[in-house]
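Structure first, then comments.
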Amino acid sequence: NAGVMQNPRHLVRRRGQEARLRCSPMKGHSHVYWYRQLPEEGLKFMVYLQKENIIDESGMPKERFSAEFPKEGPSILRIQQVVRGDSAAYFCASLPGQGNEQYFGPGTRLTVT
Amino acid sequence: DAKTTQPPSMDCAEGRAANLPCNHSTISGNEYVYWYRQIHSQGPQYIIHGLKNNETNEMASLIITEDRKSSTLILPHATLRDTAVYYCIVTNPGTYKYIFGTGTRLKVLA
């Protein structure tokens, strides 16, 4: 049973480019969370999605950031016009339903040059 | 802000029990205590969770005080591979969101 998969594992973008981060949840999991982690800090909640629905995006910056979890395929976190401050590790987590423990992927490390 | 307070760092000798404390004095009646750990820069790994009773699994034990204002995660025989940052999280299953603090950096010493 494969775990949560994220790709790419490392992503380098120049300022102003777009970054697309993908998360494939565990089989049978229909809930996905995205978190961001800056160096030496804990993870910060960004967004919670179910298939085709955004449930809570209160942790996501209002501009440049968007997320989706389509009926088919992985969840996508999209960052437009990246800036240096977007450099961080981005983790997704999945679970089969609300109220269960979350299973985290290995993360995508975004570096903006 | 995180609803928990943990010491920033702890050391433990290999083979000994590691006891990691967590204060959550504002916990509500329906909120659970979850423990995760993050080894190096990997994704957090679930360890254990509980509501009010003590819990044990193959990884650890969780002791929750009777007033539920604090808890202790116990790794019974720490190994070098247990070196990690340990996060204590209080969450209401109905709100589903985890708020991570800065955790406790546990170093297991040979």
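The values are calculated or read from the model by the stated rules, or taken from the named source; none is laboratory data. Here the structure is a predicted model, which means the values were calculated and not measured. Virtual Cβ from ideal backbone geometry, glycine too; neighbours counted across all protein chains shown.
So A:Thr111 fits all but one of (1) over 19 Å from B:Pro93 (Cβ atoms); (2) within 9 Å of chain B (Cβ to nearest Cβ); (3) β-branched (Val, Ile, Thr); what number is the exception?
With (1) over 19 Å from B:Pro93 (Cβ atoms); (2) within 9 Å of chain B (Cβ to nearest Cβ); (3) β-branched (Val, Ile, Thr) applied to A:Thr111, the lone miss is (2).
Sort out which residues of region B:43-101 are touching a residue at least 60 places away in the same chain (Cβ under 8 Å) and of a type in the set (Val, Ile, Thr), and write them in order of number.
Residues satisfying the conditions are B:Thr79, B:Ile89, B:Val90, B:Thr91, B:Ile99.
Any residue in region B:27-40 that is over 14 Å from the mean Cα position of the chain (by Cα), within 14 Å of another protein chain (Cβ to nearest Cβ), in contact (Cβ under 8 Å) with a residue 60 or more places away in the chain and loosely packed, with under 13 Cβ neighbours inside 10 Å?
yes
Return the pair list, or none, for Cβ contacts closer than 6 Å from residues in region A:88-113 that are touching a residue at least 24 places away in the same chain (Cβ under 8 Å) to residues that are among the acidic types (Asp, Glu), at least 6 apart or on different chains.
Sorted first by the residue in region A:88-113, then by its partner, the pairs are A:Val112/A:Asp86.
Inspect region A:9-29 for any residue being of a type in the set (A, V, I, L, M), over 18 Å from A:Thr111 (Cα atoms), in a loop (DSSP other than H, G, I, E, B) and free of Cβ contacts under 8 Å to residues at least 40 places away in the same chain and give the result as yes or no.
no
When you scan region A:58-76, do you find a residue that is modelled with pLDDT under 95 and within 12 Å of chain B (Cβ to nearest Cβ), even just one?
Yes.
State which residue is farthest from the other protein chains (Cβ to nearest Cβ) when the search covers only region B:72-102 and only residues that are over 27 Å from A:Ser58 (Cβ atoms) and of a type in the set (Ser, Thr, Tyr).
Applying the filter and picking the extreme gives B:Thr79.
Yes/no per residue for (1) in contact with a Pro (Cβ under 8 Å, 6 or more places away or on another chain); (2) closer than 19 Å to B:Pro44 by Cα:
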site: A:Arg9; (1), (2): yes, yes
site: A:Cys23; (1), (2): yes, yes
site: A:Gly42; (1), (2): no, yes
site: A:Lys51; (1), (2): yes, no
site: A:Glu72; (1), (2): no, no
site: A:Arg78; (1), (2): no, no
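Give me a count of the residues in region A:89-108 that are crowded, with 21+ Cβ neighbours inside 10 Å, more than 10 Å from every other protein chain (Cβ to nearest Cβ) and more than 11 Å from A:Leu21 (Cβ to Cβ).
So the answer is 1.
Just name the residue that is farthest from A:Glu40 (Cα to Cα) out of those in region A:96-113 that are under 14 Å from the mean Cα position of the chain (by Cα) and part of a strand (DSSP E or B).
By that ranking, first place goes to A:Tyr103.
Yes/no matrix, rows are residues, columns are (1) farther than 29 Å from A:Pro106 by Cα; (2) charged (D, E, K, R); (3) not in a loop (DSSP other than H, G, I, E, B):
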position	(1), (2), (3)
B:Cys12	no, no, yes
B:Asn19	no, no, yes
B:Cys22	no, no, yes
B:Gln42	no, no, no
B:Met59	no, no, no
B:Asp67	yes, yes, no
